[in-house]
Each structure stands twice: as structure tokens, then as C-alpha cells.
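In what follows, a single structure is set out as C-alpha cells and then discussed.
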Amino acid sequence: MARNLDPKCRQCRREGEKLFLKGEKCFTDKCAIERRSYAPGQHGQKSGARLSDYGVHLRAKQKIRRTYGVLEGQFRRTFFEADRRKGQTGENLLQLLESRLDSVAYRMGFGASRAESRQIVRHNGVLVNGKRVNIPSYIVKAGDVVQLTDRSRLSLRCKAALAAAEARGFPEWIAVDIKEGKGTFKAMPQRSELPATLNEGLVIELYSK
């Protein structure tokens, strides 16, 4: 399985904001954005030049792609699927990314980050409607029940992630039973429930050129 092996803190610094790629570290003062809020690299502190229109569109796409941890080919396929569906392409795009099994597992607190949740899925630690699914890109549908296997639920890492997620609160579109280590994907999230810092409109413009 292809993966993005770029250092996660550098990705956040490149986008100039927290993408919450490192789990609990992102909520502490050890976060790279808290300590060095400029772009990485030799000339990071001097990179104040105005971006071209293409640069603005590219940065918007890269921010979404890095937030959800998908590679370029996966992102492009997801965009074309969103464009094919009825409704607004931008909202469809974010809903498809949020309904990926690794993203749903992260929202339910099964892992401290999307990368950790993806690993749990790949290692056969998640069931969907009682059946084992180890494909991170699997699209979860409204009403599906996602749960940890008994072995995963009892692991210290998953217990810590669930406790931390419960303390922060869960999104409106899912319902989670902490003790059982399972949750229900109630419905696709509305655009108003997703981060306002994601600009899917620029992504549509980029792919329309």
C-alpha cells in the first residue's frame, strides 16, 4: 500500500496551520506550529512572497489531501466520483473523504490520528456491520455500525485514543459507545459541520482548468 512518508509536522508547517496529523501531540505546546509557525526548509522564514493563482489553488488542494491522508491519485479519483454524483461537487468531495473507513474510525476515536486509525484498519482491527474490513478507503454508508475487534478494543493505545476523543467530544454525524468500542455512522456530515478552513471551491477551480 502506497503511503505518504513525509514528516507530518513539516506538512502542517507547510500549510501554516494544524492538520492534526500527530494525534495528542497536536494538542500540546510541543506541536511544531506552536514552536515554528513558518514554512519548513532553508528559506522557510523568508517565504512571504505572494502566491500565483495556481499556487493558491494548489495549496488549497494540498491542505485537504494532507488533512485526510490521501495520495494524489486517490484524491483525483475521489474528486471525479464527487463530480459524478448529484449535488454540489465540493460538499460531495468532503463527504466522501469523511466517509472513508479510516476517517470514520478516527472520528470515532479508535485511533489518535487518521494515520493510526488507518493502521488499525489495515491490521484487521475494525468490523463494519459485524464483518472484518481492512480497506482504509472503504466508503461507510449511513446507518453502518463500525466497531473495534475485541483484541483492538482492549489495547492500551485504543483505550487512550477513545478516552481522549470522548473528552473532546464527537461530531454530530456519529454516535459512539465508548465501553463497547463501536459507533454508528448516522449520516453524511453537512458542510457546516466540517472545518471552515478547507476551501473545496478552489479545488474545483483547479481541476476545471
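The values are calculated or read from the model by the stated rules, or taken from the named source; none is laboratory data. Keep in mind the model is a prediction, meaning the values are calculated, not measured. As a convention, Cβ positions derive from the backbone with ideal geometry for all residues, glycine included, and neighbour counts pool all protein chains shown.
The figures follow:
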read-out: Test: residue in segment 119-132 that is without any contact (Cβ under 8 Å) to a residue 12 or more places away in the chain, under 21 Å from the mean Cα position of the chain (by Cα) and either surrounded by 15 or more Cβ atoms within 10 Å (Cβ to Cβ) or not in a loop (DSSP other than H, G, I, E, B) (or both); value: yes
read-out: Number of the exception - Q95 against (1) modelled with pLDDT of 95 or more; (2) closer than 13 Å to L198 by Cβ; (3) out of contact with any Asp or Glu (no Cβ under 6 Å at 6 or more places or on another chain); (4) buried (at least 23 other Cβ atoms within 10 Å of the Cβ); value: (4)
read-out: Some residue of segment 111-118 being more than 16 Å from V176 (Cα to Cα), part of a loop (DSSP other than H, G, I, E, B) and over 11 Å from the mean Cα position of the chain (by Cα); value: no
read-out: Some residue of segment 144-153 being of a type in the set (S, T, Y), closer than 21 Å to E72 by Cα and out of contact with any Pro (no Cβ under 8 Å at 6 or more places or on another chain); value: no
